Structure formats: structure tokens, C-alpha cells
1. Show me the GluC sites (Glu not before Pro) within region 29-104 that DSSP assigns to loop and that have at most 15 other Cβ atoms within 10 Å of their Cβ.
2. Projecting each Cα onto the charge dipole of the chain (Lys/Arg +1, Asp/Glu -1 at the beta carbon, about the Cα centre), which of 270, 400, 208 comes out farthest on the positive side?
3. Answer with one residue from 153, 49, 80: the one whose Cα lies farthest towards the positive end of the charge dipole of the chain, charges on Cβ with Lys, Arg +1 and Asp, Glu -1.
4. Are there any chymotrypsin sites (Phe, Trp or Tyr not before Pro) in region 14-116 that are in a DSSP loop and have at most 16 other Cβ atoms within 10 Å? List them by number.
5. Given a cut-off of under 8 Å on Cα pairs at least six residues apart, what relative contact order in percent is computed for region 339-382?
6. Of 56/309; 296/332; 53/152; 132/202; 215/375, which ones are farther than 28 Å apart at the Cα?
7. Under 5 Å between amide H atoms, partner at least 5 residues away or on a different chain: which partners does residue 287 have, H built in plane at 1.01 Å?
8. Grab the other residues whose beta carbon is less than 13 angstrom from that of residue 204, score K and R as +1, D and E as -1, and report the net.
Amino acid sequence: MSEIPSVTVAGSALQELLPPLSEQEAVTESARCLMCFDAPCTHACPTHIDIPKFIKKISTGNLLGSARTILESNLLGATCARVCPVQELCEGACVLGSEHKPIAIGRLQRHAMDYVYGRKIDVFHAGKFISKKVAVVGGGPAGLSCAGELAKLGVSVTLYEKRELPGGLSTYGIIVLREPVEVALAESEMIQRLGAKLEVGKDVGVNPPVTELQKNFDAVFIGMGLGNSPQLGIPGEEYIVDGLEYIERSKLEPSQLDVGRDVIVIGAGNTAIDCATVARRLGAERVTMLYRRTEKEMTAYPHEYAFVKLEGVTVSFLAQPVIVHHENGVVKGLECVRIALGEKDASGRAAPKEIPGSNLILPADQIVKAIGQNKLSLAARLDLKTDKGFIRVDSNFETSAPGIFAGGDCIRARGSASTVMAVQDGKLAARAIYKRLINHG
Ligand SMILES: Cc1cc2nc3c(=O)[nH]c(=O)nc-3n(C[C@H](O)[C@H](O)[C@H](O)COP(=O)(O)OP(=O)(O)OC[C@H]3O[C@@H](n4cnc5c(N)ncnc54)[C@H](O)[C@@H]3O)c2cc1C
Ligand code: SF4
């Protein structure tokens, strides 16, 4: 048995990682902003929030005005302030970043958002009723954004969510270190106060069927995200824990989450990093992420990778799981095979090839699988055209079925899926739907 090449780094309970800015800190930070004309930070924001405008309002103590500026472009401003990969977006584009520290745009946005949510201030109210009805499927960021924008325009919106709570992955999938559940729920409540009617426990396609929505509503928006983790297809897989369930439990029932002492997380994307972080913070002594390619091909954001290394997580590259070793269901280790990288495959990344006879067993008492999400089957059941399994939409976010629109992760065949992209899809789709409804009297 050979050894897997790895890097080990330093390590530390689940609470929001960054503290809120104090009033003084926010004013001081906002005063650093150069209020750039044609600001690159605004261009880099997928929802194009007027960043210098909201920052200027913070510097003059106008927090309500600041929140209004943010929410005009992005109804989920409190979530995005916390979960956006700002290093890759607004802050990455800030002109001060080249020689000084970029403006802490995410934390300033959170400061303005926390001001209105903390005081239960409703910045917007329902628009004048226009006697048009839209069904929104999925209460994640895409669905909430679409529902809220339509409600603001006076459309009667019913939001169907199959889970018990709204918020999608903001509620169930993004670790507390980045976003506590309460933040996602507060946003959903705000959108309900705008007039959107929320029905939870409704699995559209099963109950109610989509045909019923088509009959009873003027348009339908699908923002149903993606599904569970795919199967690895290896012996003993039934003893592997699903990464999304692991994170969900850490958010909603942390005292019920069993965390091993020696944990292997399969995968090297952002979900794997989150699972490794949860394991480490909840007491695992050793956490190893296992990836079949190298650091170069990892899909995790560089700043997330840097973070997990500081948490004391070890990353083992060029190895692929083949068998879960267990005794009566108690996990003892994960047998892996070493990998060599070949030519680029369809994903554009070097194809992993097993090296025969290079098997080795990594000791573990818990194995977590974080290897992406399956596409959902509703698209197939509706006979919608797809692109690599994702729902295909046109520039108006309309699917191949007239009157059915879609957005968020379920359409993201290209580029990396993120909350802010889902919010922008929902907003743009709402505008396209509204235009259609108005034009068709
Ligand atoms: C572990 C993890 C961590 C992440 N971390 C970040 C991060 O830090 N920053 C970031 O920007 N992005 C992050 N993302 C990605 C981000 O969460 C998604 O891009 C975003 O949530 C997509 O929003 P959505 O509304 O399209 O889908 P979802 O958030 O998945 O919401 C879809 C909703 O539709 C519901 N639904 C599905 N089918 C039906 C049906 N048939 N009927 C009714 N309801 C249905 C689901 O229950 C769900 O509530 C992360 C993703 C994961 C998995
Ligand atoms: S780029 Fe930086 S300095 Fe310029 S407006 Fe944006 S946050 Fe302010």
C-alpha cells in the first residue's frame, strides 16, 4: 500500500464567524470608500447593487436609506452580505485592493441589513394589485427573490416549498459560521409580508401537480435547486453520511449530530470544505478531505481552501475511494486507490485514471460524502428541454414550455452556482414575467 500525497495545516463551535461591525467601525470603514464613478465593485456584483451609494449612506448615518439601496437590487441582501464570495466579486474588484485593503463591502452590507431586520422595519410594501397570479416553485433564494419582486409589483404570488422551512440551501445547506438559519427565515418572512403566500410541505409535481398550477395561475416560476448527493457506487456506501444531511443537522439539530474522531470527507468543493469545517469545529480530532485530482483542479474557492487549512484539515489529493471497511456497520476505514491524471475530459479538467495495485486503507470512524448534487427529475416529468441535465431557459428565463419560467441552480449549466446568481435570476425572471402578464392584458 502506498501513501497519498497530502498537506496538513493548523485547527478550532458553530457560530457566525465574523462579528457585526459596531456603529463606529461601520462609519470609519465607509469613510474609506472613494465613491468611484462607474464603480468596479458594482459591476462585479451579479445583482449590481449601487455599492458606493449604500456605503455613502452608511457614512452619513442613513442606515434605512442604505438598506433601501441594497434591497432595490437584491431582496436577499442580508443573506448575500454573509454568503457571497466577496473576495471573488465586489471586494475583489475594489480599487483599493491593489495597494491597500479593499473596502469590507460584505460586512457594511450586513450592517445596513441588520439595522432594518433588527428593528423589524419593512423597507418595501406590496404593489397595487394587478389581478394576475403567479406560482413559484421552491422557496430558496431564486424562488424568494422572484416571489418578492413580483409581490412588489402587485402580482398575487403563491410560493410552494416542499420542505418544512423556506430558504432553500440558505436555511438547510450553508453552515452557521456563514449564515445562521434566522437570517434566511427573516428574509422569507419579509417576502411574505410583501404579500407572497407561502405553502410549505408542497412537493410540486406530486402534490400539487404542475398541470394544476398551469391551470390556476397566469405563469409558473421554477426555482427548485438541485437534489441530493449522487451515488459513488462503492461497496459499503450505505455507511457513508450524506454531506448535505450532515450540514443540515449541524444547523438545525446540532446536538443530534454524531461526529467521528477520525473523519474523511470525500470531495474538494465548497460543500466538502463546509463538512470538514463542521466536523472539525464539533470535535473531530482528524479531518481529511479526499480528492481524486490535485489542488489545481479543486472547485472550492481559494479563500475557502485557505480557511479550511487554518481549521486544521488535511487534504489528500490524487486518491479515489473504492471500498468502505466496516465491522457490522461501524466504519473502520476507507480503501482508496491512487490516481494519475490523464488528458482533459468533458469537464475540461484532467481525467483521473486509477493506478493498478496502488490501493491503501485510510483509517476513519466516519466518512462523509460531499461530491455535488443530483439534478432533479421535475424537468424530465414536465418534458422541459435541458442542457447537461439543467433546465434550459431563454434570455427571459422562459423554459421550452410557454409560461413556465425557471432560475437558480436548476438552470446553471455553466459557471459556478451561487446564492447571488440565484437571486439575480429570480429578479430578472420576475421582471420578464411581469412584462408578459401586462402585455397580455
Ligand atoms: C453546502 C453548500 C454550501 C454553499 N455555500 C454557499 C456560499 O457560501 N455562498 C454562495 O453564494 N453559495 C453557496 N452555495 C450555493 C447556494 O446555496 C445555491 O447556489 C443557492 O441556494 C441556489 O438557490 P436556489 O433557489 O436555486 O436553490 P435552493 O437553495 O436549493 O432552493 C431550492 C428550493 O426548492 C425546493 N424544492 C425542490 N423541489 C421542489 C418541488 N418539487 N416542490 C416545491 N419545492 C421544491 C427545495 O426544497 C428548496 O427549498 C452552497 C451550496 C451548498 C450545497
Ligand atoms: S471600488 Fe472600492 S473604493 Fe471604489 S466605490 Fe467600490 S468599494 Fe468604494
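Computed from the coordinates by the stated procedures, all read-outs in this text should not be read as laboratory data. Note that the structure is a prediction, hence the values are computed from the model and not measured. Counting neighbours? That spans all protein chains shown, and the Cβs are built from the backbone with ideal geometry, glycine included.
1. Qualifying residues, ordered by number: 88, 99.
2. Projecting each Cα onto the dipole axis, the largest value belongs to 400.
3. About the Cα centre, the residue reaching furthest to the positive side is 153.
4. On the way: sites: 37, 54, 115; in loops: 37.
Sparse-neighbourhood loop chymotrypsin sites (Phe, Trp or Tyr not before Pro): 37.
5. On the way: 22 pairs, mean separation 10.5, N = 44.
Here the relative contact order equals 24 percent.
6. On the way: 56/309 36 Å; 296/332 30 Å; 53/152 22 Å; 132/202 22 Å; 215/375 26 Å.
Correct reply: 56/309; 296/332.
7. Result for residue 287 returns 263, 314.
8. Every neighbour counted, the sum reads 0.
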